[in-house]
1. Between ALA204 and ALA70, take the C-beta separation as r, use R0 = 45 Å, and let me know the FRET efficiency to the nearest 0.05.
2. Could you pull out the GluC sites (Glu not before Pro) across segment 25-128 that fall in loop regions by DSSP (anything but H, G, I, E, B) with no more than 12 other Cβ atoms inside 10 Å?
3. With a 1.4 Å probe and all protein chains left in place, how much accessible area per residue does segment 16-163 have, in Å²?
4. Among LEU157, GLY105, LEU85, whose Cα projects farthest towards the positive end of the dipole of segment 76-183, with charges put on the beta-carbon of Lys, Arg (+1) and Asp, Glu (-1)?
5. Report the full-extension gain for the segment PHE39 to SER84: residue separation times 0.36 nm, less the Cα-Cα distance, to one decimal in nm.
6. Run down the aspartates and glutamates and flag those whose C-alpha is under 16 Å from the C-alpha of LYS115, throwing out any fewer than 8 positions away in its chain.
7. Would you mind computing the Rg to Rh ratio of segment 22-163 from its alpha-carbon coordinates, Kirkwood style for Rh?
8. Cross-link candidates for LYS78: which aspartates and glutamates have Cα within less than 15 Å, leaving aside residues fewer than 8 places away along the same chain?
Amino acid sequence: MTKLLFTLLAFPAVALADTVTLSTGETVEGELLDLQASFVMLRLPDTEGEAIRRLGPDRIESLSFSDPQASLESQALKRAKFISLLSLEDARLLPRYLSQLLDAGDALSALSYAKLWHPKNRHPSLDPHYRVTLVRSAAAAGLSDEALVHAQRWLALSPPPVDHPLPWQIQAQHQLEKADFEAALWTSLTPLAHAQHRSSSDLATLRAIASQAYQNLGYAEHSLAYQSDFPRPTQPFHFDPLHPPQ
């Protein structure tokens, strides 16, 4: 009876323990606390007093967290402490939390976290999610100059992100406001030229910028054509959207 009672009492602690899997295959359970000087700090369970084990990153194969019922905020903030060691599944929670902050109107917090987490992210597939957040949150916070900087850094990547309209939109809008109509036209047409599989709503702002740029350059027919979903100018235009003006 005593043994059964001990098992029942111990089971929840085991079930809720975080787990560190070492490169040797050994697992260590406890509470993941923090990452200090690249060492994972793990509070060990069932010890007299407080015992903390320090584990070097070269010894760690993976981390497993015990908080599936916690809020998205709680999960994301805990995992953010160990961002350089996260699995892709756990790392995805961080951009999800940033989107939640943006949707709730807290653009400054989303921007602050994105600037902190993005450089530490080790999963290339999540890079566009961070960059979208950086641009969107800066713009939503009224920091248009910062939004432009983040957009330009994104566009400077090789190859350029032609599948993502947002940075092109920010850059083209800036060029339009500066009356650099030919540059605005090239910037807006580049993603449009690669957009066979994107929905028209995603590209509406780019089409509007292209239309305005054509109008200011004196190409009224082209301007009208780009106000529709499928622009088809009937007269050829000398400008090649895939080669920027010198």
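1. Approximately 0.75, to the nearest 0.05.
2. GLU26, GLU48, GLU50
3. Each residue of segment 16-163 exposes 54 Å² on average to a 1.4 Å probe.
4. LEU85
5. Full extension of this stretch gives 15.1 nm more.
6. ASP106, ASP127, ASP145, GLU146
7. Looking at segment 22-163, the ratio lands at 1.05.
8. Filter leaves ASP18, GLU31, ASP34, ASP67, GLU89, ASP90.
The values are calculated or read from the model by the stated rules, or taken from the named source; none is laboratory data. Given the structure is predicted, the values throughout are model-derived calculations rather than measurements. Every residue, glycine as well, gets a Cβ built from its backbone with ideal geometry; the counts of neighbours run over all protein chains shown. Accessible surface areas use protein heavy atoms only, side chains included; no ligands, DNA or RNA. Shrake-Rupley method; radii C 1.70, N 1.55, O 1.52, S 1.80 Å.
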